[in-house]
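The values are calculated or read from the model by the stated rules, or taken from the named source; none is laboratory data. These numbers come from a predicted model, not from an experiment. As a convention, Cβ positions derive from the backbone with ideal geometry for all residues, glycine included, and neighbour counts pool all protein chains shown.
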């Protein structure tokens, strides 16, 4: 799949037709490097799960289009979160701001970086569509995939909006945070890529339901692990600061569970520290101490394990090929037991 992405981006490098396009294409290519490729992997696994033909090129191109769509989503997500790093490197808006500062000075560099990153995200979304429609799908396959891709995009935007709407207004409602996770992560990251691959292979409603039974608990577990990594992970491994979510006052299940169990003194401390844009590691350590003292961190680990077992039980009764079931079992472990 990486070769497909490389070839596609290289096809955009005609500087005689569009002078800035090679630079923008290179930015996208650099941004794609180091991604986990979870959604493309699940898309191809969904295709394999019900048995399929030998022509893998169309599904590989569809998988690649999902990775381009994910790049669009991350570029915009980093702008909304005002993040400095992604995958251990400067985010796109920081990179483009630095480029502007070098070429024209720093007076409007930050504005330019944010504006240009929004446009680059839009361009990447456009390229995702282009790659999908050049994938070589039959009319029947495209008709099966397009509604699911539309649903996936709508669900992600809804999840992003719910997350944005909740940020800065801390809650002790764990179920409300899990609802955000269902749309922002479980459906987008796990369920829909599997559905898209399976639909292209000709899967019926029963197979799609079996995928949902597996995907939704796994997707929640995946996001719950992200919550922990965002606070406790090693930035050199995760590629992101472990202060960003705390400084933003993100409504995670971890913070909600802590608030639901905290004493009045602990609650006051959390509400004072979470959302402070100047929070340092000392303040973050106080927050982590409260997460430990309330049992919130251990509670999230139990929630992860509960959802892992739900996903694996769903696989036991699913009508998938043996190879696909084994692959999904391995994906389950990698999605939950990870450090980045």
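Quick notes
- Residue 109 falls short of the stated requirement of being touching a helix residue (DSSP H, G or I) at 6+ places or on another chain (Cβ under 7 Å), surrounded by 23 or more Cβ atoms within 10 Å (Cβ to Cβ), modelled with pLDDT under 95 and not assigned by TED's automatic domain parsing to the domain that holds residue 329.
- Residue selected from the range 118-133 under the condition in contact (Cβ under 8 Å) with a residue 60 or more places away in the chain and under 17 Å from residue 96 (Cβ atoms), by the criterion surrounded by the most Cβ atoms within 10 Å (Cβ to Cβ): 124
- Residue list for the range 134-154, restricted to those being closer than 18 Å to residue 71 by Cβ and part of a helix (DSSP H, G or I): 149, 152, 153
- Any hit, the range 134-143, residues being farther than 28 Å from residue 276 by Cα, touching a residue at least 60 places away in the same chain (Cβ under 8 Å) and crowded, with 19+ Cβ neighbours inside 10 Å: yes
- Counting only helices (runs of 4 or more DSSP H) wholly contained in the range 21-100, no element carries 1 or more residues that are assigned by TED's automatic domain parsing to the domain that holds residue 191 and under 23 Å from residue 167 (Cβ atoms).
- Within the set 128, 103, 115, the sole residue that is at pLDDT below 95, part of a helix (DSSP H, G or I) and either more than 15 Å from the chain's Cα centre (by Cα) or closer than 20 Å to residue 188 by Cα (or both) turns out to be 103.
- Residue list for the range 269-287, filter: more than 15 Å from residue 167 (Cβ to Cβ), buried (at least 17 other Cβ atoms within 10 Å of the Cβ) and under 26 Å from the mean Cα position of the chain (by Cα): 284, 287
- For residue 7, the criteria (1) surrounded by 13 or more Cβ atoms within 10 Å (Cβ to Cβ); (2) in a helix (DSSP H, G or I) hold in every case but one, which is (1).
- Any chance residue 40 is more than 27 Å from residue 340 (Cα to Cα), modelled with pLDDT of 95 or more and surrounded by 16 or more Cβ atoms within 10 Å (Cβ to Cβ): no
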